[in-house]
Protein chains: 2
Amino acid sequence: MSTASDRPAASRRRNAAETTVAIERAAVELVLQHGFDQVTVDMICEAAGVSQRTFFNHFKTKDAALLGPELPTIDERAAREFIVSDGPLLAEAVGLIRVAPEHLPVDPKLFSDRIRAVSAHPALLLRQMERLGAIEGELREIIALRLRRRAADGADAAGSAESPEELEEQAELITHMLAGVMRYVGMRWARLSATGALPPGAAPDAGLAETLDRVIRKLG
Amino acid sequence: MSTASDRPAASRRRNAAETTVAIERAAVELVLQHGFDQVTVDMICEAAGVSQRTFFNHFKTKDAALLGPELPTIDERAAREFIVSDGPLLAEAVGLIRVAPEHLPVDPKLFSDRIRAVSAHPALLLRQMERLGAIEGELREIIALRLRRRAADGADAAGSAESPEELEEQAELITHMLAGVMRYVGMRWARLSATGALPPGAAPDAGLAETLDRVIRKLG
DNA sequence: TCCTATTGTGCAGTAACTGCACTTATGACA
DNA sequence: TGTCATAAGTGCAGTTACTGCACAATAGGA
């Protein structure tokens, strides 16, 4: 297993992107059929017509082949608006987070299949959510900027002047809470997608601002 | 390696708890010395005077040997008070979560060493925090109970009668936010412990209520 | 003293992943 | 058209975490 010497003699060799997609497709399809734990890397390799070594040249881990290369990013323009806004903090912060399509011509079938495969397996879904750990630092800084700005503007009439260190702490706490909110959004989206209660292209955070608003009023 | 045939001929065989602790101690010590990734299970086994098979009889994974058996639990009495309270929701919810010492006579040195070892490695710390996924369901229900009770009491004078489903959703969102808060608490605690800015036995959530209060006022 | 549950071991196997040396197709350029 | 550097892929051998199964040794009560 895992050697690809026996392949349709024709058309060896494709460019890197093609191979990557072929592996992703094989992975997603197999996982949809058998479940994540029942699928081995070797099975994916055979289905994709690729050696195991090649698999690991394209993906760091088995997970990665399933989750795809898309990583969360921050919308720079939105970030600038966010910093000077006085609107609802968490809801606006969620709006900052975008999924950056690394290689844009995304295959829509692969995309939706992947969602089905990933959302079926809670552990995978969680790992997907953990990916935004990559931008947590950035988020924290942007939130800190907003807090500092509001403090400088004296927007908090209470006048309880807070030290920069306190604002840093608050920014960190808010960032972690935001991570929680994102996890909620992701899970809810997966749940609704699975039951078909949601159109395929629907925004993952529809109605979120409203819910957040009500919840926050109950936290005090 | 990983066979324990060559052991101080005397005193084979101890009771399970002893062996477990021996393995934990070896694991923590080695990780403190060399870092998590540099330590193999075989190394731990040799240091603990135990075969690899025995290691995996006592711990499901390498992580588990480091993190120890303590799992988060909910304080039942506190939960009942929580449901009928009108105080700050998140702060009080944090108070529900206790670490249940499975085998009580905890070795204090092992305990503090473990904290140093785990908090040095962010990924481990994260995995530790993930453990409260085990009680997330329970938390969500308790929070839902509180929300329902307040709704029934008409405590939200606004009179915007919310459906049970809406309350469920809100409870879920709050649970995820709470998970974020807990992660913050854990990380902060680890950070302060590491720099020695905190007495060894200090409560992990000192000053949290205050910070939470200020932060929540800024979320609106 | 014998018997049995507890504790521990050896061994063989699977699966994810890595480093290294090597081949082969591709496309650019003389 | 030939040649040549490079991108893409492969084979192989090794490491590490983890599992199932059958078996060995011992503690501790009957």
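The values are calculated or read from the model by the stated rules, or taken from the named source; none is laboratory data. Please read all numbers here as calculations on a predicted model, not as lab measurements. No Cβ is skipped: glycine too gets one built from the backbone with ideal geometry, and neighbour counts run over all protein chains shown. Keep in mind that these areas ignore ligands, DNA and RNA; they rest on the heavy atoms of the full protein, side chains included. Shrake-Rupley method; radii C 1.70, N 1.55, O 1.52, S 1.80 Å.
Quick notes
- Share of Cα-Cα pairs in the stretch B:72-191 lying beyond 25 Å, as whole percent: 33 percent
- Threshold 50 Å², the stretch B:175-211 residues less accessible with all protein chains present than alone (1.4 Å probe): B:His176, B:Met177, B:Arg183, B:Tyr184
- Across peptide B:165-173, the average count of Cβ atoms from other chains found within 10 Å of a residue's Cβ is 4.
- Take every Cα pair under 8 Å whose residues are at least 6 apart in sequence, average their separation, divide by the length of chain B, and the relative contact order is 20 percent.
- Given charges at beta-carbon only (K, R positive; D, E negative), |dipole| of chain A in Debye: 840 debye
- Residues of type lysines that A:Lys218 reaches as a straight line, Cα spacing below 16 Å, ignoring anything fewer than 8 places off in the same chain: B:Lys218
- For the rotation carrying A onto B, the chain A residue whose Cβ lies nearest the axis, with the distance in whole Å, reads A:Gly180, 2.
- Nearest-first distances (nm) between copies at A:Glu18, label 7 Å from Cα via Cβ: 6.6
- Helix runs (DSSP H) in chain B reaching 15 Å along axis by Cα, Kyte-Doolittle at least 0.5: B:16-34
- The lysines within cross-link reach of A:Lys62, meaning a Cα-to-Cα straight distance under 29 Å and a gap of 8 or more places when in the same chain, are A:Lys109, B:Lys60, B:Lys62.
- Rounded FRET efficiency, nearest 0.05, which uses the C-beta distance separating A:Ala100 from A:Leu126 and R0 of 22 Å: 0.60
- The smallest convex shape that holds all Cα atoms of the stretch A:16-66, its convex hull, gives 59 Å³ per residue.
- Annotation for A:Phe56, label-to-label distances across the other copies: 1.9 nm (shortest first, one decimal, point 7 Å from Cα along Cα→Cβ).
- Evaluated at q = 0.06, 0.13 Å⁻¹, the base-10 log of the normalised Debye intensity for the protein assembly as shown, with identical point scatterers placed on the Cα atoms, takes the values -0.32, -1.32.
- Computed [θ] at 222 nm, deg cm²/dmol, chain B (DSSP H ≥ 4; -39,500 (n - 2.57); rounded to nearest 500): -20000 deg cm²/dmol
- All Cα pairs of chain B, percent lying beyond 30 Å: 37 percent
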